[in-house]
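The values are calculated or read from the model by the stated rules, or taken from the named source; none is laboratory data. Quantities reported herein were computed from a predicted structural model and do not represent experimental measurements. Heads up, the Cβs are rebuilt from the backbone with ideal geometry, glycines too, and the neighbour counts pull from every protein chain shown. Please note that ligands, DNA and RNA were not included when accessible areas were found on the heavy atoms of the full protein model with its side chains. Shrake-Rupley method; radii C 1.70, N 1.55, O 1.52, S 1.80 Å.
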Amino acid sequence: MLKDKHITVYVTGGIAAYKTLNIVRKLIKQQALVQVVMTESAQKFITPLTFATLSQRPVITDNFTPQTENDDFIPHIKVALWTDLAIVVPATANIIGKMANGLADDIASTSLLATKAPKLVFPAMNTDMYDNPAVQHNLTVLKQMNVQIVEPATGFLAEGMTGKGRLPELDTIMTNIEAQFNEKKLAGKKVIVTAGGTKEAIDPVRFIGNRSSGKMGFAMAEVARDLGAEVTLITTVTASLPGINVIQVQTAEEMMKQLQDVFPTADVLIMAAAVADFKPVNVADQKIKKNDDEDIFTIKLTKNPDILQNVAATKTKQFVVGFAAETQNLLENAEKKLNKKNADVILANNVAQADAGFNVDTNKVTLLQKNHEPVSWPLMSKIDVAQKFWEFYINKVEK
Ligand code: PMT
């Protein structure tokens, strides 16, 4: 897939720069043509010679000195025009800030500003830096400019803390890179994805919710977009995903209403949202005060509509996919949902398992469809689950 593709890898100054060596190796193994560009800080971590050896061509480190005798004096424009895909990995807060604000004061920032190629950015830094509103603002600006950002993973960081900021695993990085060159096998398809947990108000400040982060649904939406689909994402999680029409909702009823508006013209629905089964019967107008005489406070709940079941009942041509979040009897319960909710496929996840389900970057899924044996997939990143699902869909439905 990557054969003869011109990929420029921008390495900026973070400790994760050593991991970029493996990315370059993988790209070369897949016969991509790789040009590495390094900032001055990146060269403090790894020498250009190491990247030059692995990428089989000189590394560009400087805007003013020709690297070889055949070079001209404007390497930033040359590399900008040569590039099919620009990858910034690791991306520091500094390069993210420069890209978001159009600053260009070294070879990396000038050629990133000059290139019209798609850009894929892998932020990696200390958690507090990543969470800093300035960095988050710059990332939002980049997304609005259609730059794709791959969120860092959570885990042990070089400074000894555990938190969000690690470069994702190599497989996840490669999946994201390969996705840029995906054949647009879902071109012309309208896909709706729901994501995140619904929030059912108790009073103006409190709600009943759950631990869903939206990651699984976002992955489904992003991979569908990369395959050329027109994607609508209905979500309770604040999100800005380039190339995706995002509809923000809070409650199950809002989600159902928005879904009913777009479902009739859709080709595929993926219900990855964790919808609250119940909501309070009454929502207090004012914040509920605690009463010193009462140790127990009771909230009366009523059933929410089952969105999947209601919407699937109206399906004509649509391929409808639900998830089943189970903590026991995974297959048995998922099978019941497959039949009761009239879904074409149920993706069952055991949310009691440590690395699967809610608010983690990985998932372990079993695919169920009527009259077929269940197929279990190994533990993998949510992006890989999405990639695998869309491969399944294309092979089953589109062929
Ligand atoms: O968001 P993440 O942190 O990445 O976590 C992902 C996930 C665990 C939330 C996701 O993989 C998942 O399992 N989503 C479905 C959660 C859920 O509500 O499961 P359920 O078994 O209760 O419901 C079965 C199906 O019916 C789901 O597709 C659900 O969206 C749908 N449903 C449920 C209740 C309801 N009232 N209306 C519905 O449409």
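Here are the numbers for this structure:
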{"quantity": "Check on residue 44, open to solvent by less than 50 Å² (accessible area, probe 1.4 Å), of a type in the set (D, E, K, R), modelled with pLDDT of 95 or more and out of contact with any Asp or Glu (no Cβ under 9 Å at 6 or more places or on another chain)", "calculated": "no"}
{"quantity": "Hits in region 356-381 (condition: surrounded by fewer than 16 Cβ atoms within 10 Å (Cβ to Cβ) and within 12 Å of the ligand (Cβ to nearest atom))", "calculated": "359"}
{"quantity": "Pair list, Cβ under 8 Å, 6 or more apart: region 122-134 residue not assigned by TED's automatic domain parsing to the domain that holds residue 85, other residue surrounded by 14 or more Cβ atoms within 10 Å (Cβ to Cβ) and outside any helix (DSSP H, G or I)", "calculated": "none"}
{"quantity": "Some residue of region 185-197 being out of contact with any helix residue (DSSP H, G or I) (no Cβ under 9 Å at 6 or more places or on another chain), in contact (Cβ under 8 Å) with a residue 40 or more places away in the chain, open to solvent by 50 Å² or more (accessible area, probe 1.4 Å) and under 20 Å from residue 13 (Cα atoms)", "calculated": "no"}
{"quantity": "Filtered residues of region 79-129 (kept if within 19 Å of the chain's Cα centre (by Cα), surrounded by fewer than 22 Cβ atoms within 10 Å (Cβ to Cβ) and outside any strand (DSSP E or B))", "calculated": "118, 127"}
{"quantity": "Qualifying position, being closer than 24 Å to residue 175 by Cα and over 22 Å from the mean Cα position of the chain (by Cα), among 333, 395", "calculated": "395"}
{"quantity": "Any hit, region 317-333, residues being more than 8 Å from the ligand (Cβ to nearest atom) and small (Gly, Ala, Ser)", "calculated": "no"}
{"quantity": "Hey, residue 172 open to solvent by 10 Å² or more (accessible area, probe 1.4 Å), over 22 Å from residue 243 (Cβ atoms) and not small (Gly, Ala, Ser) or not", "calculated": "no"}
{"quantity": "Enumeration of residues in region 280-294 that are in a loop (DSSP other than H, G, I, E, B), open to solvent by less than 100 Å² (accessible area, probe 1.4 Å) and not β-branched (Val, Ile, Thr)", "calculated": "284, 291"}
{"quantity": "Odd one out for residue 28, checked against (1) touching an Asp or Glu at 6+ places or on another chain (Cβ under 8 Å); (2) part of a helix (DSSP H, G or I); (3) modelled with pLDDT of 95 or more", "calculated": "(1)"}
{"quantity": "Lone qualifier among 132, 146, 94 - being at positive phi and out of contact with any helix residue (DSSP H, G or I) (no Cβ under 7 Å at 6 or more places or on another chain)", "calculated": "146"}
{"quantity": "Per-region count, region 295-316, residues within 7 Å of the ligand (Cβ to nearest atom) and either surrounded by 17 or more Cβ atoms within 10 Å (Cβ to Cβ) or under 24 Å from the mean Cα position of the chain (by Cα) (or both)", "calculated": "4"}
{"quantity": "Single match in 19, 26 (criterion: open to solvent by less than 60 Å² (accessible area, probe 1.4 Å) and of a type in the set (D, E, K, R))", "calculated": "19"}
